[in-house]
Amino acid sequence: MKIYNTFTKTKEEFQPLNPPNVTMYMCGPTVYNYFHIGNARSFVMADIVRRYLEYKGFHVKFIMNITDVDDNIINKAFEEKKSTIDVADFYAEAFFEDVKKLRMKEANFYPKATLHISEMIGVIKRLEEKGFAYNVNGNVFYDVSKFSDYGKLSGKNTNDLESGARVDVNEEKKNPLDFTLWKKAKDGEPSWDSPWGKGRPGWHIECSAMSTKHLGKSIDIHAGGNDLIFPHHENEIAQSEACFEQKFVKYWMHFGFLNIQNEKMSKSLGNFFTAREVLDKYPAEAIRLFFAQTNYGGPLNFSDELLNSAQKGYEKILNLAEKIEREIKLNSRSAVIPEFDVKKYYSDFEKVMDDDFNSPQAVAVIFDFIRATNKIIAENDNIDSNFYHGLKQFLKKTAENVLGIIHLDGLSNELNPNIDNEQIELLIKKRDMAKKEKDFILADQIRTELINLGIILQDNKTGTTFKKINVK
RNA sequence: GGCGCUGUACCCAAGUGGCUUAAGGGGAAGGUCUGCAAAACCUUUAUUCGUCGGUUCGAAUCCGACCGGCGCCUCCA
């Protein structure tokens, strides 16, 4: 399988360092706010990458860090007159909730920066000993001029950077590109003891320290949004490779932005929707389908119109899944087992996903599968249940376990608690009677009544079925 | 200024030299089924891939120029 590596700007054959193990690090949130739907795009796409690697049989160790100390958190705590710990805990909790709602598979571990201070100090100390860091009055900086490969990930050279450098006049830095490893504490800020006095870690150092501690000095995949390429990931390379003298990351993966009207969604621009607001309006599966329908690397616009269109697509998958579920419950034995080559769909799915996780084409395979199976179902009466088991397996393994665009468990959902299934069945019986007596006015009344409760009736050859729609 | 991404139907979007005289989703139009619906299925909806040149037996795909849109270089997925 192939994977696009930002470092080489080419698709490369994926060969993990220690197969079948794969180590994967994803830059997680800074917990000073709810994360927005643009962040969610990166998280979900990383989730799909991870799940596909697992589908392929790799043993993936997936880690996502939580930045729980930084300027934004301190500012937020000040604004809300809370402690930084309370702010960080609150939003970390919210992060876990939202990520779960997005149906992301849980990471193997979510390391927190504040629980790895000593590891970070260790890395900084070593950098200082090796001459890559310098201390000015308790602020420790990384000396970019000492790392000759600086800029190799982002394709920047230090001369260009300096000439185009925007502000950040810091008298203490030798060079404007130097970045903070350890930040001297100001009054009232959270701080830890260190060889350079009380202070707190810079942002970049946490990923170097935590990635190394939990995944090793060299890892297979390090992922994050495009905006992290420079300076964040560039700085991580500078730190880790100067410190440990070995290649930090084999494959760098970066995700495109979610835009609003062609502009990057970002917290600083204020043009964002939080993931939880969007999750209140649309099912996670529809959101994931929306993301999966575009290649992960490019930009993607966000709008209600686009989300609605994805939701329609999701309902198409859902309709088939529900049909399958009903048929499996009926457990009918018959001689009718239609010819159908499920294997072809598995191999198509793998073929496109093997090509740098081409999820849009994977989604297309799923929809091809849906059309083909719907056709068979429409053209055959009384199909043996075993046929449906095969279909379910396919959806389970691909659409659910890898893409997460359907959730097969508990499909006869409980979205609307205002009415229970027995009441619905009773009304359906009443309507059937009315239909038999050609009292279509009453029959339609019942149907309308149910629609208002979020219940859609469908008259099929075998009888009337219903489904509950999400009345969000 | 440097580095990078991007321009494909009404909308979203895949495809990066012949398998594609261009996937898939949404929308629209017509049809089948149905008491009517819903769901589902069938048909139609780009001889064309920002523009202009070039390379090639052959290009949306390679090269050049030009015109748009976006991002990073400052915290940001």
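The values are calculated or read from the model by the stated rules, or taken from the named source; none is laboratory data. Source: prediction; values computed, not measured. Glycine also receives a Cβ, built like all others from the backbone with ideal geometry; neighbour counts cover every protein chain displayed. Areas reflect the complete protein model, heavy atoms only, side chains present, ligands, DNA and RNA absent. Shrake-Rupley method; radii C 1.70, N 1.55, O 1.52, S 1.80 Å.
Considering region A:1-108, its Cα convex hull presents a mean projected area of 7.9 nm². 3J(HN,Hα) couplings calculated from phi for region A:132-147 with the Karplus curve 6.51 cos²θ - 1.76 cosθ + 1.60 (θ = phi - 60°) are, in sequence order, 8, 9, 9, 10, 10, 6, x, 9, 10, 10, 8, 8, 4, 5, 7, 9 Hz; Gly and Pro show x. Aspartates and glutamates near A:Lys2 by alpha-carbon distance under 19 Å, same-chain residues fewer than 8 away left out - which ones? Answer for A:Lys2, where 19 Å is the Cα cut-off: A:Glu12, A:Glu13, A:Asp47, A:Glu54, A:Asp220, A:Asp348, A:Glu350, A:Asp354, A:Asp355, A:Asp356, listed by chain and number. Full extension of the segment from A:Arg126 to A:Trp192, taken as 0.36 nm per residue of separation minus the current Cα-Cα distance, would add 21.9 nm. Between the beta carbons of A:Asp354 and A:Asn157, assuming R0 = 30 Å, the FRET efficiency works out to 0.30 to the nearest 0.05.
If the segment from A:Lys316 to A:Thr8 were pulled out straight at 0.36 nm per residue, it would be longer than the present Cα-Cα gap by 106.9 nm.
How much of the DSSP beta bridge set in chain A is antiparallel, as a percent to the nearest 5? Of the beta bridges lying entirely in chain A, close to 55 percent run antiparallel. Protein heavy-atom surface of chain A, 1.4 angstrom probe: 50% of the accessible area is carbon and sulfur, with nucleic acids and ligands not counted. Helix hunt in chain A: which complete DSSP H runs extend at least 24 Å axially by C-alpha with mean Kyte-Doolittle at least -1.0? Sorted by number, the helices that extend far enough and score high enough are A:37-55, A:84-101, A:304-330, A:359-379.
The helix-based estimate of mean residue ellipticity at 222 nm for chain A, built from -39,500 (n - 2.57) per DSSP H run of four or more residues and divided by its residue count, is -14000 deg cm²/dmol to the nearest 500. Take the Cα of A:Asn72, step 7 Å along the line toward its Cβ, and report every residue of region A:31-54 whose backbone nitrogen sits under 12 Å from that point. In region A:31-54, the label zone of A:Asn72 (backbone N under 12 Å from the point 7 Å along Cα→Cβ) covers A:31-40. Over the C-alpha trace of chain A, radius of gyration and Dmax come out as 26.7, 92 angstrom. Would you mind checking A:Lys82/A:Lys156; A:Lys61/A:Lys100; A:Lys105/A:Lys125; A:Lys217/A:Lys267; A:Lys61/A:Lys101; A:Lys61/A:Lys184 for any pair whose Cα atoms are more than 30 angstrom apart? From the list (A:Lys82/A:Lys156; A:Lys61/A:Lys100; A:Lys105/A:Lys125; A:Lys217/A:Lys267; A:Lys61/A:Lys101; A:Lys61/A:Lys184), the Cα-Cα distance tops 30 Å for A:Lys82/A:Lys156; A:Lys105/A:Lys125; A:Lys217/A:Lys267; A:Lys61/A:Lys184. The slack between A:Ser347 and A:Gln458, meaning 0.36 nm per residue of separation minus the straight C-alpha distance, is 36.6 nm. Once both labels are positioned 7 Å from their Cα atoms along Cα-to-Cβ, the gap between A:Lys267 and A:Leu306 label points is 2.2 nm.
Taking trypsin sites (Lys or Arg not before Pro) across region A:302-349, the ones in a DSSP loop with at most 14 further Cβ atoms lying within 10 angstrom of their Cβ are A:Arg333. A Förster radius of 56 Å combined with the Cβ-Cβ distance from A:Phe244 to A:Gln423 puts the calculated FRET efficiency at roughly 0.30. If R0 is taken as 45 Å, the Cβ-Cβ distance between A:Lys281 and A:Met433 corresponds to a FRET efficiency of 0.75. Pop a pseudo-label 7 angstrom from the Cα along the beta-carbon direction at both A:Asp86 and A:Asn108 and give the gap in nm to one decimal. Going by the 7 Å Cα→Cβ label model, 3.7 nm. Using the basic label-point model (7 angstrom from Cα toward the beta carbon), what is the A:Asn226 to A:Ala372 distance in nanometres? Calculated label separation equals 3.5 nm.
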